[in-house]
Amino acid sequence: MSHAGVILGISDLEVEQVHRDREIKVYARPTKRPACIHCHHDRVRIKATRQRVLKHTRQGNQVLTLYLKAPKYHCPQCNRYFCHRFQGVLPRFRASEAFRLEVFEAHDGGVTQRKLSRTHGISPATVERWYQSQCRLRQSEMSNRPCPRVLGIDEHFFTRRRGYATSFVDLKNHKLYDVALGRSEPSLRRYLTGLSGRDQVQVVVMDLSETYRSIARRYFPQATIVADRFHVIRLVNQHFLNAWKDHDAEGRRNRGLLSLMRRHAWRLSDEQRANLARYLEDYPVLQAMYEAKQRLNRYLLLKTLNAKKAKQMLPGFLELLDQLSASPLKRLARTLESWLEPIVAMWRFSKSNGITEGFHNKMEMMSRRAYGFRNFENYRLRVLTHCGWNEIINRV
């Protein structure tokens, strides 16, 4: 029994000759006749034979080329003709699926088209065409996915001419769901209206954006809006640093003090805490705001609380907001009051948009590597390829 078909990855194949020169040439033929593809009659006759030349993977540093005898069969029962079909080889293609996937994964891993054209004996245009076809195939398989139950929404920059794009991320499975051009409700209306399963979304995580909050309320009515913890704490620090600048502009420019002010109090060493205390003694109002900021950050860092515990923490949080309303941080207090429900919901969940921000870094790297994208669909296809699935296609 010949194991040539098992080694080459094409079943029912018998090798006749092998020539090794600048490339490996393998001459083979099928070992048995198939049944009729039309009526499944098992007795067919060979009408004619032609030779198919296929590129098929690489052995070492040489391209393996298959010269296959492809019979043309005639079925006496249905009186129809058909050509022999090899496993893993599509009709009228001059390369096997294993070779096309090898080129796709190499190009997806960073090998340039020029390099692949030299090592695999194909043109750069062929590399691009095969890569695009595999991406579209995977995208078509992903097109019917329902909306994820835990959805992260955030914006990222696309181009100066086209503006911003909105990312939709499956936070539960750590996968990018989709990317849509625009960040306003009118620009996203058509896309959001056509989303399948948007009524099944349970949680929507976002930054403190009024636009995205109105979009979530309208298009994801069953979902709980959760504020992103990172953006909330960053907002608190920004308001505090602006208020510090009004009280002591010179101290605000001190990089050492700036580093101490930004950190959480429980992460400071004893020496750092003593140095900060000596500075705050001269500014009682600033010291009160600093202590209020630290208390506020402790509330904002709470997560995975049950409903009973969150209800017990709420009065203290509201009392702190009332104190901030009578201080120079009153604008911060108004913002947090308007986002009270998403912030309280933040205590119940541990998910954040950190996964989304990580995907944005990856998208920026892809855009730089391509020297920018003009066509948004090409950009979306590349982003979904790298961020929306596992990037490795299993050979079956």
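The values are calculated or read from the model by the stated rules, or taken from the named source; none is laboratory data. All figures in this text were calculated on a predicted structure; none of them were measured in a lab. FYI the Cβ positions are ideal-geometry reconstructions off the backbone, even for glycines, and counts take in every protein chain you see.
Summary table
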read-out	value
Hits in the range 154-190 - residues which are hydroxyl-bearing (Ser, Thr, Tyr) and either touching a residue at least 12 places away in the same chain (Cβ under 8 Å) or not assigned by TED's automatic domain parsing to the domain that holds residue 363 (or both)	159, 164, 166, 167, 177, 184
Scan of the range 61-118 for residues that are β-branched (Val, Ile, Thr) and surrounded by fewer than 15 Cβ atoms within 10 Å (Cβ to Cβ), ordered by number	112
Enumeration of residues in the range 242-294 that are touching a residue at least 24 places away in the same chain (Cβ under 8 Å), basic (Lys, Arg) and surrounded by fewer than 16 Cβ atoms within 10 Å (Cβ to Cβ)	262
Residue satisfying all of: in the range 102-121; small (Gly, Ala, Ser) and in a helix (DSSP H, G or I); farthest from the chain's Cα centre (by Cα) among these	117
Candidate set from the range 368-382 (those that are part of a helix (DSSP H, G or I) and touching a residue at least 40 places away in the same chain (Cβ under 8 Å)); member that is farthest from the chain's Cα centre (by Cα)	376
Qualifying position, being assigned to a helix (DSSP H, G or I), of a type outside the set (Gly, Ala, Ser), surrounded by fewer than 20 Cβ atoms within 10 Å (Cβ to Cβ) and not assigned by TED's automatic domain parsing to the domain that holds residue 155, among 305, 324, 318, 336	318
Filter result for residue 47 (touching a Phe, Trp or Tyr at 6+ places or on another chain (Cβ under 8 Å), over 23 Å from residue 119 (Cβ atoms), basic (Lys, Arg) and not in a loop (DSSP other than H, G, I, E, B))	yes
Among (1) in contact with a strand residue (DSSP E or B) (Cβ under 8 Å, 6 or more places away or on another chain); (2) charged (D, E, K, R); (3) farther than 24 Å from residue 104 by Cβ, the one test that residue 42 misses	(1)
Any hit, the range 56-66, residues being at pLDDT 90 or above, assigned by TED's automatic domain parsing to the domain that holds residue 87 and basic (Lys, Arg)	no
Out of 360, 386, sole residue that is under 19 Å from residue 234 (Cα atoms), of a type outside the set (Val, Ile, Thr) and part of a helix (DSSP H, G or I)	360
